[in-house]
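Report on the structure given below.
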Amino acid sequence: MKEQLNQIQQTAETLLRQADRTETVEELRVRFLGKKGELTAILKQMGSLSAEERPAMGQLANEVRAKIEGMIAERAKELGELAMRKKLEAETIDVTLPGKKPVVGKRHPLWQVLDEIKDIFLGMGFDVAEGPEVEYDHYNFELLNIPKGHPARDTQDTFYINDNVVLRTQTSPMQVRVMQNQKPPIRIIAPGTVYRSDAVDATHSPIFHQIEGLVVDKGITMSDLKGTLEVFAKKLYGDDTMVRFRPHHFPFTEPSAEMDAACFVCKGEGCRLCKGEGWIEILGCGMVHPKVLANCGIDPEVYSGFAFGMGLDRIVMKRYGIDDLRLLFENDMRFLDQF
Ligand code: DAH
């Protein structure tokens, strides 16, 4: 029995020295010290020893158990430390490596120019109003003096949610919403996305952007319109920018006009950007039609106003010399990174 005990101790020692994983150490603990383990099996044979032999053998067995327990604890500790050291080594930070550049996004060119335009109007005492892109037909057309069957509807065919609800074709319904909810004096711009069922090409898109403007107060005249919009054009394109107004027609203004600014590249000489015209069309405008004021609960005998609407996408394209509208919507970073 003494030999058996010594044998067990030796085997345990050898195997533990070879063990290179904590799992193996645990397996060895079970193998030698567990309930069904080798040492336990020997202790069970103690009963067959004589009374004289028993105490010495019992002591030896306890010593062997204590030794094996000690070796197991030591090996487990060594392996634990080794694992920790390996982990720390793997995690070492090399401070001499070049850092990773964080990817910083930037504002889309459309919103950069919109911010600029907002600033210009905020500086003239305007507020910014925003409203729904899914709009009542009533607001988008009817109250703006475009009844069903009016030819202006043909040029603004859109996507119908149902007979009464459309994707707005213009930001002009914001005029109605503001006038219904606000008493004059009113001075707002309303930027936003608009929709028309146009086929996509270099200058058309079923989704684009407009900025609406509305001023209503007592005694507002065409000269207020001209003065305000001329200041706007000078702020956008430079102090020496000239503007011209051409008569036009919009159902919700009377009289109506379109405003051109002298081309900011050739200053009116004619160049590639303005297609030789010397002028760039900027916006539509006019004095708010008395019918529209009345439709929105404002007495046209007391109040008058002017309105304007411009296409943001066109302004951005001219600003940066972009010749294809689609580029603004494709989200290609190689393109967007240039602004
Ligand atoms: N809503 C017009 C369009 O989409 C643009 C416009 C013209 C708006 C004249 C106005 C305006 O407020 O007075 O073609």
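How far is it, in nm, from the label point at Lys2 to the one at Lys148 when both lie 7 Å from their Cα along the line to the Cβ?
For Lys2 paired with Lys148, the spin-label model returns 11.6 nm.
Count charges around Cys285 for me, please; just the other residues with Cβ under 13 Å from its Cβ, Lys/Arg as +1, Asp/Glu as -1.
-4
What is the helix-to-structure angle for 2-18, meaning the angle in degrees between its Cα long axis and the longest Cα principal axis of the chain, kept from 0 to 90 and rounded to the nearest 10?
Rounded to the nearest ten degrees, it is 30.
Leaving out ligands and nucleic acids, and using a 1.4 Å probe, what accessible area per residue does the chain come to in Å²?
Roughly 57 Å² per residue, with all protein chains present.
Sort Met333, Met259, Met1, Met317 from largest to smallest accessible area, using a 1.4 Å probe on the heavy atoms of the protein chains.
Met333, Met1, Met317, Met259
Does the stretch 3-73 come out rounded, prolate or oblate, given a ≥ b ≥ c as the square roots of the eigenvalues of its C-alpha gyration tensor, rounded meaning a/c under 1.5 and, failing that, prolate meaning a/b above b/c? Let's see the in-between values first.
Values: a/c = 2.80, a/b = 2.17, b/c = 1.29.
Here the stretch 3-73 falls in the prolate category.
Once every DSSP H run of n ≥ 4 in the chain is given -39500 (n - 2.57) and the sum is divided by its residues, what mean residue ellipticity at 222 nm do you get, rounded to the nearest 500 deg cm²/dmol?
It comes out at -12500 deg cm²/dmol, rounded to the nearest 500.
Stretched out fully, how many nm does the piece from Arg244 to Asp20 gain, at 0.36 nm a residue minus the Cα gap?
Here the segment from Arg244 to Asp20 would lengthen by 71.8 nm.
What distance in nm separates the simple spin-label points at Asp337 and Asn162, each placed 7 Å from Cα in the Cβ direction?
Going from the Asp337 label point to the Asn162 one covers 4.8 nm.
Starting from 0.36 nm per residue, how many nanometres of slack lie between Ala199 and Thr11 once their C-alpha separation is accounted for?
59.2 nm
For the stretch 102-255, what does the alpha-carbon gyration tensor say about shape, rounded, prolate or oblate, given a ≥ b ≥ c as the root eigenvalues, a/c under 1.5 as rounded, and a/b over b/c as prolate?
On the way: a/c = 1.55, a/b = 1.14, b/c = 1.37.
The shape class here is oblate.
With every protein chain in place, what's the accessible area of Ile93 (1.4 Å probe, Å², nearest 10)?
Accessible area, nearest 10 Å²: 140 Å².
On the protein heavy atoms, probe 1.4 angstrom, tell me the percent of accessible surface of the chain carried by carbon and sulfur.
Its accessible area is 52 percent carbon and sulfur atoms.
Where a ≥ b ≥ c are the square roots of the eigenvalues of the C-alpha gyration tensor, would you call the chain rounded, which needs a/c under 1.5, or, failing that, prolate if a/b is larger than b/c, or oblate?
Prolate, because a/c is 1.5 or more and a/b exceeds b/c.
Sticking with the crude label model, points 7 Å out along Cα→Cβ, report the distance from Asp323 to Met46 in nm, one decimal please.
Taking the two extended label points, one gets 10.0 nm.
Might you list the cysteines of the chain that have no disulfide-compatible partner by the rule of another cysteine's Cβ under 4.7 Å?
Within the chain, the cysteines lacking a partner Cβ under 4.7 Å are Cys285, Cys296.
The values are calculated or read from the model by the stated rules, or taken from the named source; none is laboratory data. Computed from a prediction, not measured in an experiment: that's the story for all the values here. For neighbour counting, all protein chains shown are included, and Cβ atoms are generated from backbone atoms with ideal geometry for every residue, glycine included. For accessibility, only protein heavy atoms count, side chains too; no ligands or nucleic acids. Shrake-Rupley method; radii C 1.70, N 1.55, O 1.52, S 1.80 Å.
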